[in-house]
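Any read-out appearing in this document is the output of simple, stated calculations on the displayed coordinates, not a laboratory observation. Only a predicted model underlies this, so the values are computations on that prediction, with no experimental measurement involved. Backbone-built Cβ (ideal geometry, glycine too); neighbour counts: all protein chains shown.
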Amino acid sequence: MHLHNPKRDVEVSGPLRVNDLVSQLGLSREAVLVIRGDSLVTGDAKLDDHDDIEIRPVISGGAQPRSARGARP
Amino acid sequence: MRCKRCTEPAIIEIRRHRTSFCSECFLHHCREQVRRAIDKHRMIAPDERVLVAISGGKDSLALWDILLDLDYEADGVYLGLGIDDYSKRSQSFAERYADTRGAKLHIVDIPAEHGFGIPDAARATKRVPCSACGLSKRHLLNRAAIDGGYDVLATGHNLDDEAAVLFGNVLQWHVDYLARQRPMLPATDGFARRVKPLIRMGEREMAAYCVVKRIDYIVEECPMAAGNRHLRYKEVLNQIEERTPGAKATFYLQFLNEMLPHLDQVAAEERSMVGACSRCGAPSSQEICAFCKLVEKVG
Ligand code: SF4
Ligand SMILES: [Zn+2]
Ligand SMILES: [Zn+2]
């Protein structure tokens, strides 16, 4: 199957469960969404060879710097 | 896997609630969680005008969408940070959403109005970009809310954001920061009320919300965020969450229930130290506020 995210593209062979794919890629389930075509799939879904899969990271680092003393956020 | 509410095929599993939902029921869940946060912390009264801080990312656009769906009178404000391409692209996501929804978006462009961007500010102050960025956001978003006559300023901080900030504050026992890490900060002289209606929503749920509602947002990270402290805290918290679903929610929501009431005095003392900036009149505990100092340094 074809995997892509904003940074890279990879081919992986199926069939494979979503949760297994995520752990094979060394990712945390909390940190990504798996999208097949244009719909979300749950961890138990089985992915096939011909699927087009997006692994979308969901963690943003938008910093919340600690505010300067007295400058109430 | 099936939706626990209606038994249609599920599209998302939420382990900390031991549940899974189809698209319809997931959207219902999101609106309910936001409504609960708003009610519990008395964030917004039904007839109040809300200004939503929009970055073009998933959280702020989803928040705006949910507030509009819940029938609040909610306008957006986008702050142009002058981070080259990234700012241009995120602004276009914000504008596109406003267009499709027929909603009103104010644009405040820091380079156009103050002659510098966040990268310039970071160079001039020799500090991390997020520090100049954070204080500029606080100042300018508040000003936009006050000048526009809005009752309340809403930001898209989610459960993961708040848990990461809490983690950092606890690691260093910053009691004064802890005292003001509140989901609702009441209006005071010169400050609009500030609220965080997404505190019950995980970051992953917010991204999922945008996928389900087909809201296009900027997926890529702010280039200035790399390696920042809060990203590391989020990673650590997610490792704990993997093994113990619900750990993040307990950590943060129990802080609100069990700890914050003990810190009311600290927060009140701090508020009493706030005066007005001699240049711009904004509330500040010093003679010149942090934003005016920044303008002076960069200018
Ligand atoms: S990551 Fe830092 S510089 Fe970028 S938008 Fe967030 S606070 Fe500003
Ligand atoms: Zn359902
Ligand atoms: Zn000032």
Distance histogram for region B:41-298 (every C-alpha pair counted, 5 angstrom bins, percent rounded to whole numbers): 1, 6, 12, 16, 19, 20, 15, 9, 3, 0, 0
With a ≥ b ≥ c from the Cα gyration tensor eigenvalues, square-rooted, and the rule rounded for a/c under 1.5, otherwise prolate when a/b > b/c and oblate otherwise, region B:11-89 is oblate
Below 8 Å, C-alpha to C-alpha, sequence gap of six or more: please give me the relative contact order for chain B in percent. 20
Starting with the fewest neighbours, write out B:Phe191, B:Phe21 ranked by other beta-carbon atoms found within 10 Å of each beta-carbon. B:Phe191, B:Phe21
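What whole-number volume per residue, in cubic angstrom, does the convex hull of the C-alpha atoms of region B:29-160 give?
Working: hull volume 15.2 nm³, N = 132.
So the per-residue hull volume is 115 Å³.
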Give a quick list of GluC sites (Glu not before Pro) in region B:1-66 that DSSP marks as loop, anything other than H, G, I, E or B, with at most 16 other Cβ atoms within 10 Å. B:Glu48
Could you pull the Cα extents of region B:148-241 along its three principal axes, largest to smallest, in whole Å? 39, 38, 26
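Among the DSSP beta bridges whose two residues both lie in the protein assembly as shown, what percent are antiparallel, rounded to the nearest 5?
On the way: 21 of 41 bridges.
Just about 50 percent of them are antiparallel.
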Just the C-alpha atoms of region A:2-58: what Rg/Rh do they give, with Rh taken as the Kirkwood radius? 0.90
In debye, nearest 20: dipole of the protein assembly as shown around its Cα centre with unit charges on the Cβ of K, R (+) and D, E (-)? 980
Which Rg and Dmax, in Å, describe the Cα atoms of the protein assembly as shown? 20.7, 67
Roughly how big is chain B's charge dipole about its Cα centre, with Cβ charges of +1 (Lys, Arg) and -1 (Asp, Glu), in debye to the nearest 20? 580
Label zone at B:Ile240, where the point sits 7 Å out along the Cα-to-Cβ direction: region B:152-184 residues whose backbone N lies under 14 Å: B:160-173
Restricting attention to chain B, give the cysteines that have no other cysteine Cβ less than 4.7 angstrom from their Cβ. B:Cys6, B:Cys25, B:Cys30, B:Cys130, B:Cys133, B:Cys210, B:Cys222, B:Cys280, B:Cys292
Taking the simple approach of a point 7 Å from Cα along Cα-to-Cβ for both A:Asp52 and B:Lys126, what is their distance in nm? 5.2
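If exposed trypsin sites (Lys or Arg not before Pro) are those in a DSSP loop with at most 14 other Cβ within 10 Å, what is the longest stretch of chain B that has none? It would help to have the intermediate numbers written out before the result.
Values: sites that count: B:Arg18, B:Arg42, B:Lys104, B:Lys126, B:Arg127, B:Arg214.
So the longest stretch without any such site is B:128-213.
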